[in-house]
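Have a look at the structure below, then the notes.
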Amino acid sequence: MAQVHITVANLNRITRLVAYNGVKNLDDIYESSFRNILSVPELNLLYIFKQACKSLSLDHGTDAMFEHFSIIPQEKDTKTWVYEGGKPAYHLDPKCERLSQDYLNIKLPEQVINAGDAEIKRFRAFCRLNEKLAKDNPARFLELLEAHFFLEVSLKNVHLKNSGINHFGEDDAQLIKQQIDNLMDSAEVFRGRDTHTKNSIANKGFGTHRVREAKLEGHVLHTWHNKFKEPLKVALRKYFMIKFNPALSFNDSLLEQLGFKCCQQCALNPTVGNAAEYGTEKT
């Protein structure tokens with residue numbers, strides 16, 4: 001059993017999986033109640049996030065709730081992007097560049113998709129072979145790609161930033177807690193500013209991710225969602241990470257039960273952990 005590290009994105013992925021499996025425990029989230037601001041599903045996800053930070057770490061061992069985790073299914077290849085599918089990775093080295101390395105992805109052209117699986121495979125192989133050029137000089141890479149495959153439509157690269165891991169100090173906990181309290185106070189002031197605002201939030205404020213009005217800039221629900229609800233959830237997740245697992249270090253055996261694999265780069269580095277016991281699958 002070793003201490004390993006995962007990205008914030010993969011921690012969020014775990015919490016979504018558990019919540020979808022029917023965990024319904026809204027207690028013990030924080031010293032204050034958020035039921036006037038957040039919906040039951042949102043509170044559920046936050047509770048799971050908190051428990052994941054605690055229960056998957058080496059310090060706390062296996063929590064009974066997490067013994068019933070389902071395996072994270074391997075992502076389906078939709079044949080839409082150059083890079084898709086595969087298992088999530090954990091890292092032996094907290095300084096592994098793949099934890100914070102940005103990456104570039106490209107949507108497969110319709111011309112290539114329509115040509116069939118063999119052409120998709122050839123297109124992806126070309127992209128992987130020229131990955132360094134794609135990162136160093138994306139414009140030149142796209143020019144070569146278009147010429148090599150006689151593409152009729154110009155491509156646009158999609159640059160996706162890695163979520164990385166966050167390392168927090170203990171002093172940050174009080175700052176984040178103050179941010180949470182300030183958001184809650186400000187939310188109540190905003191809610192009570194007039195009858196229209198109060199009624200709008202009461203009627204549709206809990207499901208703002210689904211309602212049309214919340215997407216209209218300037219609307220009460222757009223402000224409620226983007227200025228209060230989303231920042232509050234981000235702040236709470238930061239608080240739980242700071243309090244329970246500031247380095248995002250986890251039990252490797254539990255992660256493997258959840259469908260994770262060891263990062264290839266970490267596994268091949270003999271100076272990090274006991275690399276010899278790990279395989280070398282591509283991350």
Going through the range 108-153 in order, the residues found to be surrounded by 13 or more Cβ atoms within 10 Å (Cβ to Cβ) and acidic (Asp, Glu) are Glu119, Glu131, Glu143, Glu146
Subset tally (residues that are among the β-branched types (Val, Ile, Thr), surrounded by 11 or more Cβ atoms within 10 Å (Cβ to Cβ) and out of contact with any helix residue (DSSP H, G or I) (no Cβ under 7 Å at 6 or more places or on another chain)) for the range 184-203 = 0
Only one of (1) at pLDDT 85 or above; (2) surrounded by 11 or more Cβ atoms within 10 Å (Cβ to Cβ); (3) not in a helix (DSSP H, G or I) is not met by Ile71, so which one is it?
-> (1)
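The values are calculated or read from the model by the stated rules, or taken from the named source; none is laboratory data. Source: prediction; values computed, not measured. Ideal geometry is used to build each Cβ from the backbone, glycine not excepted, and the neighbour counts take in all protein chains shown.
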